[in-house]
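Shown next, in structure tokens, is the structure this report addresses.
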Amino acid sequence: MNPTLSAQKTAPAEAGNTGLLPADAEARLRELAASLSLEQQVTLLTGADVWSTHALPEIGLSRIVLSDGPAGVRGEDFDERHDSVSLPSSSALSATWSVDIARRYGQVLGQEARRKGVHAVLGPTINLHRSPLGGRHFECMSEDPRLTATIAAGYVSGVQSMGVGATPKHYLANEAETDRFISDSVVDERPLRELYLAAFEDAITEARAWLVMSSYNSINGTTASENELLETPLSTEWGFDGVVVSDWTGVRSVDAANAHQDLEMPGPVGHWGAKLLAAVEDGRVSRSAILEKVIRILRLAARVGSLAGFEAAVPAFPADLDGAQVAREVAVRGAVLVRNEGGLLPLDAKALCSVAVIGHNAEEARTQGGGSATVMPKYNVSPLEGLRKALPDDVTVTYARGAKVAEGLQPFARRALHNPVSGVPGMRVTFLAADGTEISGEDRLASHLIWFGVGIPEGTAAIRMQTEWTAETAGVRHLGVGTVGHIALSIDGTEVFNGELEDDTNVLGAALFDPPQTTRAFEATAGQRFAIDALYRLPQQQEIPLTAILLGEEATVADPQAEIRAAVDAARTADVAVVVVGTNAAIESEGFDRKNLDLPGHQNELVEAVAAVNPRTVVVVNSGSPVLMPWLDRVGAVLLGWFGGQEFGTAVADILFGKEEPGGRLPTTWPAALEDVPVLNTTPVDGRVVYSEGIHVGYRAWLRQQAAGGAAPLLPFGFGLGYTTFELGTAHAPQSVSAGQDITVHVPVRNTGKRTGREVVQVYLSREDSAVERPVRWLAGYAGTHLAAGGTGTVEVRIPARAFGHYNGGWQVERGPFRLLVGRHAADDFQALEVEVR
């Protein structure tokens, strides 16, 4: 029998605030919890409202406010007037392959939380990129558990260093959105441990996260909020002493109280409350279980400064960070250059006379994904704006949309809205009582309005929205509304709809993520103004106080080929053509999975047409996850920019003109065709998503497929180019190691190019003739380095002892030879070393 592998590891670059209380404080905490009545204890276990917990002033307990992340901190409302720093998506963060950057990213989130009075950020999202069709792929980090774990730990330590709790989510095996409330993820023990739990582990054992969020789905037949996995390994093996909070409405019954589920959200209505009190009184749930949950909630309150008499983990506000600067840094360091034919990039801005900027996303970039991850930034820099600012005044910049990206109803452009009541830009919103009298009113800037728990005055029976929209171009325009419930819509004094828009999905958040819509066509002249008046009637009963109303225009194009011809004309005589393609929140969002990996609309045709007339065509891909790029080898350069946050356009300009080097490496594999993808399924069959691939996920699945003669990917995991070249020298590592010990691989690196740049050294493990099933190879460790032109250095890559292990009822180590494969990506021509595990 092989011995169990030691779980001890070294800490991230900088440990976050663990929030560990002194022994005397822990004792006082327990005494305080025990002093509460059963009714008080049970009350604390369900939220007071949508975003906060109950206060108990008599013991000095104030409320704990939670807020969505994970790429910004929205606060308690979806209000564009209350802006937030918008950071690049988690896929961009993990593409940096940098724990230090992840920590700064987390620090910005912690700073934003404190600014908004938030005590816990609901992030990071740690679920793996199991299938590229996953709707929240952009919100997750990687297909690899090691890369995910290290970046997540940096994120958590950064958030908590600011005295704010981080909440790794969604625990566990929640890699898809389809039927997520009722689906059962069927996962064998070994992949569950080696992949899906391993991705969470460092955030708990090293960064010491203060919360964890349980998921909606079931795991192997038991819903997450009632699952034994909340106890083991989370508490018993990893030492988690924080709060397990449910995903919103994720608690299904009082049975969850017998698990390690601590806090039911939202409140005050739920499955606990009076039902849980009765369950305790009749013995179905023990009083000791309730007491332990209360202790954990009070411990969290002490850590975040919500419990009088206990010192907060970070009592003083740490030094300010420049959130915009960090957003720009992540966008630059996470951008992945995947093609640069003939050294087209970087461009010399001073040598250019004309630049054609093409693409819907060039002007209206998608800087974040859809769903609960949405925040309201003060501004977004589009690539068109960023390029114009970076170019000299004498360079002619021509813009052509070329192909639309948006599908369905889209919010009106804010610049086109005029408030007819206040005379300012935007809309007038009026809250009305049942008798039609005005309760209050407010001026809003956006035409997509969301209220989740806050913002609607008590007694409101209806909401009226009034605006005047100006058509910027002539043609047929499709104007309408999207919501769930009863709404009347009038345009220019004529009622065009009065009825119920019904949600047939029965999914929480349908009104927010993908509401039913109705539109009407109008012939417009350029500059024509339309008066829009909508009246929404609130339902008499709302279990979850979520109201969302979208007034906007349906994205339609009368002649797609004419748009492409206009773009070709702009590109034909330009010194360089920059084409920005991508997706949007209608394609990548919480609430649903993707149907395919195609760029929407006519974008592929657009790229082909532009490249045919201008060989100096640079394509910037603005998506949070993989898309198909059938034109890759027919364009000059391709930069993957992800959902790049509020500074996306500035980062793109900095990279294209050489002010910065693209520093990213792929955190997930990009396929050439949908049918090539080895693990694709996201839709439950008979209510179950079976993880039949076992331990072969992501590049592991691709390598197994290739070994059997199957298709290779378009771009391998870990791949990325830069503006300079590097040479890896002869690597050194111990020739033998005792089971349970870490090792370090030393790799000499030399910058052989003409400018400063970054290299990421990746070390994979393989085991030939293994007694157990193994991937072809798996990532064991990585480290990056910055070197000036001609500079040299030695990169030290730590390989944790766990990397040699496999799970079989416990962590086991197979004795004998392993190969250490040193390279730059998962399909590289590796330098191989052998290490004997004793």
Exercise. By its C-alpha gyration tensor, with a ≥ b ≥ c as the square roots of the eigenvalues, how is the chain shaped: rounded for a/c under 1.5, else prolate for a/b larger than b/c, else oblate?
Worked result: oblate
Problem set entry | Cβ-defined net charge surrounding V294, 11 Å radius [Lys, Arg +1; Asp, Glu -1] | +3
Problem set entry | Farthest toward positive dipole pole in the chain [+1 Lys/Arg, -1 Asp/Glu at C-beta], among G75, A48, G718 | G718
Problem set entry | Volume in Å³ per residue [convex hull over Cα atoms, computed for the stretch 26-304] | 122 Å³
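Only Cα pairs under 8 Å and at least 6 apart count here; give the relative contact order of the stretch 409-554 as a rounded whole percent.
On the way: 365 pairs, mean separation 47.3, N = 146.
Normalised by residue count, the contact order of the stretch 409-554 is 32 percent.
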Exercise. Is the stretch 28-130 rounded, prolate or oblate when judged by the Cα gyration tensor, a ≥ b ≥ c being the square roots of its eigenvalues, rounded requiring a/c under 1.5 and prolate requiring a/b larger than b/c?
Worked result: prolate
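So for R444, R190, fewest C-beta neighbours within 10 Å to most, what's the order? Write out the running numbers ahead of the final one.
Working: R444 19, R190 16.
Ranked by crowding around the Cβ, least crowded first: R190, R444.
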Exercise. To two decimal places, what compactness ratio does the stretch 409-554 give when its Cα radius of gyration is scaled by 2.2 N^0.38 Å?
Worked result: 1.01
Exercise. Once the mean 1/r over all distinct Cα pairs of the stretch 340-429 is inverted, what Kirkwood radius in angstroms do you read off?
Worked result: 16.3 Å
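Could you tell me the calculated FRET efficiency between E442 and E502, based on Cβ-Cβ distance and R0 = 35 angstrom, to the nearest 0.05?
On the way: r = 28 Å, r/R0 = 0.80.
For R0 = 35 Å, the calculated efficiency reads 0.80.
May I ask which of K116/K275; K169/K595; K389/K595; K169/K754; K116/K169; K169/K659 have a Cα-Cα span longer than 32 Å here? Display every interim value, and only then the final one.
Numbers: K116/K275 34 Å; K169/K595 24 Å; K389/K595 37 Å; K169/K754 43 Å; K116/K169 22 Å; K169/K659 36 Å.
Pairs exceeding 32 Å: K116/K275; K389/K595; K169/K754; K169/K659.
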Exercise. Name the trypsin sites (Lys or Arg not before Pro) in the stretch 587-645 that are in a loop by DSSP and that have at most 10 other C-beta atoms within 10 Å, would you?
Worked result: K595
Exercise. Roughly how many whole Å is it from the C-alpha centroid of the stretch 179-208 to that of the stretch 36-67?
Worked result: 29 Å
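Whole number please: convex hull volume per residue, Cα atoms of the stretch 664-807, in Å³.
Numbers: hull volume 21.7 nm³, N = 144.
Enclosed volume per residue, from the Cα hull, is 151 Å³.
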Exercise. Suppose R0 equals 30 Å; then what is the FRET efficiency for A521 and S422 from their Cβ-Cβ distance, rounded to the nearest 0.05?
Worked result: 0.55
Seminar exercise, completed: If unit charges are put on Cβ atoms (+1 for Lys and Arg, -1 for Asp and Glu) and the dipole of the chain is taken about its Cα centre, the option from T483, P671, L432 lying farthest towards the positive end turns out to be P671
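Please give me the summed charge of the neighbours of P268: other residues whose Cβ is under 14 Å from its Cβ, Lys and Arg +1, Asp and Glu -1. Each step should come with its number before you reach the end.
Details: positive: R63, K275; negative: E39, D49, E264, E543.
Here the count lands on -2.
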For this session: Evaluate E = 1/(1 + (r/R0)^6) for D676 and K275, where r is the Cβ-Cβ distance and R0 equals 51 Å; express this FRET efficiency to the nearest 0.05.
Result: 0.55
Seminar exercise, completed: In whole percent, the Cα-Cα distances of the stretch 724-837 spread across 10 Å bins from 0 upward as 14, 44, 27, 12, 3, 0
Problem set entry | Taking the chain and dividing mean pair separation by its residue count, relative contact order in percent (alpha carbons under 8 Å, at least six apart) | 16 percent
Problem set entry | Residue order, fewest to most beta carbons within 10 Å, for C353, C140 | C353, C140
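No value in this document is a laboratory result; all are computed from the given coordinates. These numbers come from a predicted model, not from an experiment. Glycine also receives a Cβ, built like all others from the backbone with ideal geometry; neighbour counts cover every protein chain displayed.
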